[in-house]
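This report refers to the structure that appears directly beneath it.
The values are calculated or read from the model by the stated rules, or taken from the named source; none is laboratory data. The shown structure was predicted, so the numbers you read here are calculated from the model rather than taken from an experiment. Methodologically, a virtual Cβ is constructed for each residue, glycine included, from the backbone with ideal geometry; neighbour enumeration extends over all protein chains shown. Accessible surface areas use protein heavy atoms only, side chains included; no ligands, DNA or RNA. Shrake-Rupley method; radii C 1.70, N 1.55, O 1.52, S 1.80 Å.
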Amino acid sequence: METMAPLALNAPDASAVNAPDASAAKAGRSGQAPRASAPMKRISAVLLHPLSKPMLFVLSLAPFASLLWGAIADSLGPNPAEALIRGTGDWTLRFLCLTLTVTPLRQLTGWHALARWRRMLGLFTFFYACWHFLAFAWLDMGFDLAAILKDIGKRPFILVGTLALLLMTSLAATSFNRAVKALGAARWQALHRLVYAIVLLGLLHFFWMRAGKNDFGEVAVYAVIVALLLGWRIWRAGHERRERRARRAATLTS
């Protein structure tokens, strides 16, 4: 997406895959990558290969397969329930960061074909988030609905995590091209700006969860990554606003 438009968990695949050459000229003015060099074009060709999305699907599913095999083989350590809950939570945050990385990387490198991956990465974020909550509800709470609701209200880190999952559900449910047409582009984009709230809630969830053990090393790493991803968007939005004002001023004085 451009400026502060939603870096949606699941934008339609068609966006910016075949951007026109004119975008390369605009790139020099807006901080984007210049016209692609031969190596860049080769990377774009790889990204556009028909097998690239199936390979991404397999790679995205690999962490889940590893956790599942660990549970079956009883190799997750002395507390397999905690390993499954933490593991699915970690991969939710990782995929969320990967999803938010797509647009900056695409705009900085000119690899517009990366837009084809954004929806799948976003849906895998939701996939791991669902398993994270399911592992908590099953392995910690034994699917006791009253106990689950009580725990959500009692522990702030579970409350913000649940809120993030509910917001994520609205994005996953509107991830398809038909939903974009039904909502209209403007409303769809406004809805998918919730991804910024989701990543901040996810980070807060992780911070509060680690606060109990006074272990903030990984939290700091994710905080830096999220700050860079969101900070870049704020900078870019300001940069493009200044450009628009300058063009309007130039038009008025010409």
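Numbers below:
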read-out	value
Phe124 vs. criteria buried (at least 19 other Cβ atoms within 10 Å of the Cβ) and under 21 Å from Trp188 (Cα atoms)	yes
Sole exception among (1) open to solvent by 10 Å² or more (accessible area, probe 1.4 Å); (2) free of Cβ contacts under 8 Å to residues at least 40 places away in the same chain for Ala137, by number	(1)
Selection from segment 206-221 of residues that are of a type in the set (Val, Ile, Thr) and part of a loop (DSSP other than H, G, I, E, B)	none
Residue count for segment 170-200, restricted to those that are open to solvent by 60 Å² or more (accessible area, probe 1.4 Å) and either of a type in the set (Lys, Arg) or in contact with a helix residue (DSSP H, G or I) (Cβ under 7 Å, 6 or more places away or on another chain) (or both)	4
Residues that are loosely packed, with under 14 Cβ neighbours inside 10 Å, assigned to a helix (DSSP H, G or I) and more than 24 Å from the chain's Cα centre (by Cα), drawn from segment 222-254	Arg241, Arg242, Arg244, Arg245, Ala246, Arg247, Arg248, Ala249, Ala250, Thr251, Leu252, Thr253
Selection count where residues are open to solvent by 40 Å² or more (accessible area, probe 1.4 Å) and among the β-branched types (Val, Ile, Thr), scope segment 208-221	1
Residue count, segment 62-99 (criterion: polar (S, T, N, Q) and in contact with a His (Cβ under 6 Å, 6 or more places away or on another chain))	2
Hey, Ala129 without any contact (Cβ under 8 Å) to a residue 24 or more places away in the chain, hydrophobic (A, V, I, L, M, F, W, C), farther than 16 Å from Leu56 by Cβ and surrounded by 16 or more Cβ atoms within 10 Å (Cβ to Cβ) or not	no
